[in-house]
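Q: Mind having a look at this structure? Questions to follow.
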Amino acid sequence: MWSRERSRRIRLRDGREVTLRPIVADDKVLIVAAFERLTADSRYRRFLSHKKKLDEATLERGVHPRPGQDCAIVATVPAPGHGSDASDAAGVDIVGAAQYVRVDDGDAHTCEFAITVAEGWRGSGLANRLMARLVRRARRDGYTTMEGWVLVDNAPMLGLARRFRFLIE
C-alpha cells in the first residue's frame with residue numbers, strides 16, 4: 001500500500017485540483033458522505049444494484065485494503081468552508097474513488113476494478129487519472145489482468161475502458 005508521502009496533488013483538465021492518496025480507515029465517514037451525495041442512478045451504475053446505503057462489511061473492506069492484493073485510492077478536495085490546505089478528515093470531501101481487489105477465483109494475477117466519481121466532477125478527467133494510478137499500482141502488485149463489470153448503457157465508463165484498451169465483451 002502507498003504511504004501517506006505518496007499523496008499527490010494534481011490538476012485536472014478542467015483546471016480544478018484534487019489530491020490523490022491511498023484510502024485510510026479514518027476515511028470511513030467521508031466514504032459514507034460521498035456515497036450519500038451520489039444519485040440513485042450513479043449508485044446503480046457503480047454497484048450494479050439499487051443501494052440505499054453502504055453495508056458495514058463493504059465499507060470495512062473498502063477502507064482496509066490488503067497490502068499487495070487490493071488497493072483503494074481517493075480523490076479529495078477541501079470541504080466547503082475549509083482552506084486549500086485542509087488535511088484533517090473533517091476538512092475534506094471525497095470526490096472520487098478507485099479500487100481493485102483480487103478476483104476470488106484463485107487467479108493470483110487477476111483483479112477487478114471499480115471507479116466512482118462524484119456528480120459534479122464528471123467530465124473533468126478525474127476518472128482517467130484514477131484509472132491510470134490504479135493500473136500502475138496493479139502492475140506493481142503483480143497483476144497481469146484487470147477486469148470490471150460495466151452496464152452497457154454506461155457510455156462514460158465504456159469510453160474510459162476503451163481509452164485504456166480494455167477488451168469489451
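Q: Can you run down the residue pairs with Cβ atoms below 7 Å, 6 or more apart or on separate chains, where the first is in region 24-49 and under 21 Å from Cys71 (Cα atoms) and the partner is at pLDDT below 90 and of a type in the set (D, E, K, R)?
A: From residues that are under 21 Å from Cys71 (Cα atoms), the pairs are Arg43/Lys51.
Q: While we're on this one: Working only within region 122-163, note down all residues that are part of a loop (DSSP other than H, G, I, E, B), touching a strand residue (DSSP E or B) at 6+ places or on another chain (Cβ under 8 Å) and of a type in the set (Asp, Glu).
A: Asp141, the sole residue that qualifies.
Q: Among the residues of region 80-121, count how many are surrounded by fewer than 17 Cβ atoms within 10 Å (Cβ to Cβ), at pLDDT below 90 and in a loop (DSSP other than H, G, I, E, B).
A: 14
Q: Filter region 1-26 for residues that are under 16 Å from the mean Cα position of the chain (by Cα) and small (Gly, Ala, Ser); which is surrounded by the fewest Cβ atoms within 10 Å (Cβ to Cβ)?
A: In this case the residue turns out to be Ala25.
Listed here are the residues, each with its yes/no results for (1) at pLDDT 90 or above; (2) among the hydrophobic types (A, V, I, L, M, F, W, C); (3) on the phi > 0 side of the Ramachandran plot; (4) surrounded by 14 or more Cβ atoms within 10 Å (Cβ to Cβ).
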site: Pro65; (1), (2), (3), (4): yes, no, no, yes
site: Val74; (1), (2), (3), (4): yes, yes, no, yes
site: Asn128; (1), (2), (3), (4): yes, no, no, yes
site: Leu134; (1), (2), (3), (4): yes, yes, no, yes
site: Tyr143; (1), (2), (3), (4): yes, no, no, yes
site: Leu167; (1), (2), (3), (4): no, yes, no, no
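Q: Provide a single number: the residues in region 152-164 that are open to solvent by 20 Å² or more (accessible area, probe 1.4 Å) and either within 23 Å of Arg102 (Cβ to Cβ) or acidic (Asp, Glu) (or both).
A: Total meeting the criteria: 3.
Conditions tested, residue by residue: (1) open to solvent by 60 Å² or more (accessible area, probe 1.4 Å); (2) part of a loop (DSSP other than H, G, I, E, B); (3) of a type in the set (A, V, I, L, M, F, W, C).
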position	(1), (2), (3)
Lys28	no, no, no
Val32	no, no, yes
Glu36	yes, no, no
Tyr44	yes, no, no
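The values are calculated or read from the model by the stated rules, or taken from the named source; none is laboratory data. The shown structure was predicted, so the numbers you read here are calculated from the model rather than taken from an experiment. Reconstructed Cβ throughout: ideal geometry from the backbone, glycine too, with neighbour counts over all protein chains shown. In case anyone asks, the SASA skips ligands and DNA or RNA and just uses the protein heavy atoms, side chains included. Shrake-Rupley method; radii C 1.70, N 1.55, O 1.52, S 1.80 Å.
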